[in-house]
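K.L.:
Pasting a structure below so you can have a look.
The values are calculated or read from the model by the stated rules, or taken from the named source; none is laboratory data. None of the values given here were measured: they were computed from a predicted structure. In this analysis, Cβ positions are derived from the backbone assuming ideal geometry, glycine residues included, and neighbour counts consider all displayed protein chains. Surface accessibility is based on the protein's heavy atoms, side chains included, excluding ligands, DNA and RNA. Shrake-Rupley method; radii C 1.70, N 1.55, O 1.52, S 1.80 Å.
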There are 2 protein chains.
Amino acid sequence: MRHGITHFKDLLGGEGYSWTRARSAVLTVLTTVPRPLRAEEIHRALRDPRINLSSVYRALRLFESLNVVHRVELGEGAARYELADDYRDHHHHLVCDACGRIEDVAACPVEAAGLTRHIRKRTGFAVRSHVLELFGLCRPCRRDAR
Amino acid sequence: MRHGITHFKDLLGGEGYSWTRARSAVLTVLTTVPRPLRAEEIHRALRDPRINLSSVYRALRLFESLNVVHRVELGEGAARYELADDYRDHHHHLVCDACGRIEDVAACPVEAAGLTRHIRKRTGFAVRSHVLELFGLCRPCRRDAR
DNA sequence: TCGATTTTGCAAATTATTTGCAATATTCGC
DNA sequence: GCGAATATTGCAAATAATTTGCAAAATCGA
Ligand SMILES: [Mn+2]
Ligand SMILES: [Mn+2]
Ligand SMILES: [Zn+2]
Ligand SMILES: [Zn+2]
C-alpha cells in the first residue's frame with residue numbers, strides 16, 4: 001500500500017514542508033472518501049474544529065503543486081479535489097446529472113484514440129494535457145427515469 | 001448566411017424576448033470576434049458606454065438558455081462565451097499554454113471514437129454531454145520554444 | 001402614440017478563494 | 001526534552017467573477 005499516511009509525511013518532509021495537523025487531516029479525508037470533494041466538504045469532514053477553511057485551501061494548493069492532489073472542475077462553481085492515483089497520471093469522470101454521483105473512467109479515451117498524434121499531424125498543435133468530463137445518467141438513475 | 005444579426009432578432013422575438021441595445025451589441029461582438037471571449041472582454045469591445053457589465057452577463061445567460069451562445073470553461077477563473085455554431089451542436093478547443101491562442105477542433109473525438117456507446121456497454125452510464133479541452137503549444141509557439 | 005411589459009443601470013450582495021499578519025506549531029540541533 | 005529559527009495557522013479582511021433588487025428607461029403591440 002503505497003498510500004499509508006506516513007508516505008505523505010515522508011513526501012512532504014523530503015520537499016522541505018512541515019507535517020502539520022491541517023495537512024495530515026486533509027490527507028486523511030482525501031484517502032478516506034473515494035471521490036472528488038469540495039474544499040468546504042473536506043473542511044466539514046475534518047472533525048477538528050481548530051482547523052480553518054483557509055488552511056484547507058492552503059493544504060490543497062500545496063498538494064496540487066506536489067502532484068499529490070488533482071483538481072477536478074465540473075462547472076459547479078466550486079472546484080473539487082481528489083488524491084492523485086499512483087498508476088495513472090490522470091483520469092476522467094462520469095458525472096450523473098440526476099444524483100450527482102461521480103464515477104472514474106477506467107482508461108483515458110484521448111490516449112486510447114491516439115488523439116494527440118492525430119492533432120499534431122493535422123494542425124501542428126502539440127497537445128500536452130487535456131480535460132475531459134462526461135455527464136449523463138448513472139445506471140440507477142437511468143432506471144428510475146423510465 | 002444564416003447568421004445575419006436580424007436572424008437573432010427574429011429568434012429572440014419568436015421566443016418573446018425584446019430586441020434591445022445590449023443584446024444586439026453583445027451579439028455583434030460575438031459574431032465579429034471568432035474566439036471565446038470573457039464577459040469583461042465583450043463589455044470592453046462594445047464601444048457603447050451606456051451598456052453595463054451586468055447587462056452583458058444577463059444577455060449571455062439568456063443566449064445560453066436559448067442555445068445561441070456556448071459557455072467555454074478553460075480553468076481561468078472567468079468563463080468565456082462564443083456563438084454556437086449552426087452545423088455542430090458543440091466543439092472543442094486547443095488552448096496554447098504559451099500565447100493563449102484558442103483554436104477550434106474540427107471534429108468531436110468523443111463521438112468519432114464511439115465513446116458514448118462504449119461506456120454505456122461497459123458501465124451502464126448513459127453519457128449525454130461532455131466537456132473536452134486540450135492544452136499544449138500551438139505551432140508558432142512550438143517553433144519559438146526550440 | 002400610449003400603456004403594459006420587459007429590460008437596464010447602478011449599487012449592493014453573493015460566493016469561492018486568497019492574503020496579511022500576529023500568534024502558534026513544527027523542526028532541528030544541542 | 002529544550003529553545004531558537006522557521007514554517008504554518010487562525011482570523012478577519014480583501015479579491016474577483018457573477019448575480020440581484022429596485023427604480024428608471026426602453027421596447028412592444030395595439
Ligand atoms: Mn476520480
Ligand atoms: Mn470555439
Ligand atoms: Zn445518478
Ligand atoms: Zn501559442
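K.L.:
So residue B:49 ticks every box in (1) open to solvent by less than 40 Å² (accessible area, probe 1.4 Å); (2) assigned to a loop (DSSP other than H, G, I, E, B) but one. Which box is left unticked?
P.N.:
(1)
K.L.:
Limited to the range A:115-146, what total is found for residues that are at pLDDT 95 or above and either at positive phi or not basic (Lys, Arg) (or both)?
P.N.:
21
K.L.:
Same structure again: Condition (residue is assigned by TED's automatic domain parsing to the domain that holds residue A:10, closer than 23 Å to residue A:135 by Cβ and not aliphatic (A, V, I, L, M)) applied to the range A:62-71: is it met by at least one residue?
P.N.:
Checked the range A:62-71: at least one residue is assigned by TED's automatic domain parsing to the domain that holds residue A:10, closer than 23 Å to residue A:135 by Cβ and not aliphatic (A, V, I, L, M).
K.L.:
Let me ask something else. Let me confirm something: among A:103, A:41, A:111, A:82, which residue is open to solvent by less than 60 Å² (accessible area, probe 1.4 Å), of a type in the set (Asp, Glu) and either within 16 Å of ligand 3 (Cβ to nearest atom) or assigned by TED's automatic domain parsing to the domain that holds residue A:144 (or both)? Break it down stepwise before answering.
P.N.:
Numbers: A:41 fails: either within 16 Å of ligand 3 (Cβ to nearest atom) or assigned by TED's automatic domain parsing to the domain that holds residue A:144 (or both); A:111 fails: open to solvent by less than 60 Å² (accessible area, probe 1.4 Å); A:82 fails: either within 16 Å of ligand 3 (Cβ to nearest atom) or assigned by TED's automatic domain parsing to the domain that holds residue A:144 (or both).
Result of the check over A:103, A:41, A:111, A:82: A:103.
K.L.:
Test of understanding: among B:139, B:71, B:58, B:128, which residue is within 22 Å of residue B:26 (Cβ to Cβ), open to solvent by 80 Å² or more (accessible area, probe 1.4 Å) and within 9 Å of chain A (Cβ to nearest Cβ)? Show your work before the answer.
P.N.:
Values: B:139 fails: within 22 Å of residue B:26 (Cβ to Cβ); B:58 fails: within 9 Å of chain A (Cβ to nearest Cβ); B:128 fails: within 22 Å of residue B:26 (Cβ to Cβ).
Residue meeting the stated conditions: B:71.
K.L.:
Which one of these does residue A:120 not meet: (1) open to solvent by less than 90 Å² (accessible area, probe 1.4 Å); (2) out of contact with any helix residue (DSSP H, G or I) (no Cβ under 7 Å at 6 or more places or on another chain); (3) within 16 Å of ligand 4 (Cβ to nearest atom)?
P.N.:
Evaluating residue A:120 over (1) open to solvent by less than 90 Å² (accessible area, probe 1.4 Å); (2) out of contact with any helix residue (DSSP H, G or I) (no Cβ under 7 Å at 6 or more places or on another chain); (3) within 16 Å of ligand 4 (Cβ to nearest atom) leaves (1) as the failure.
K.L.:
Given the conditions (1) of a type in the set (A, V, I, L, M); (2) under 20 Å from the mean Cα position of the chain (by Cα); (3) more than 10 Å from chain B (Cβ to nearest Cβ), which single one is not true for residue A:79?
P.N.:
Condition not satisfied by residue A:79: (3).
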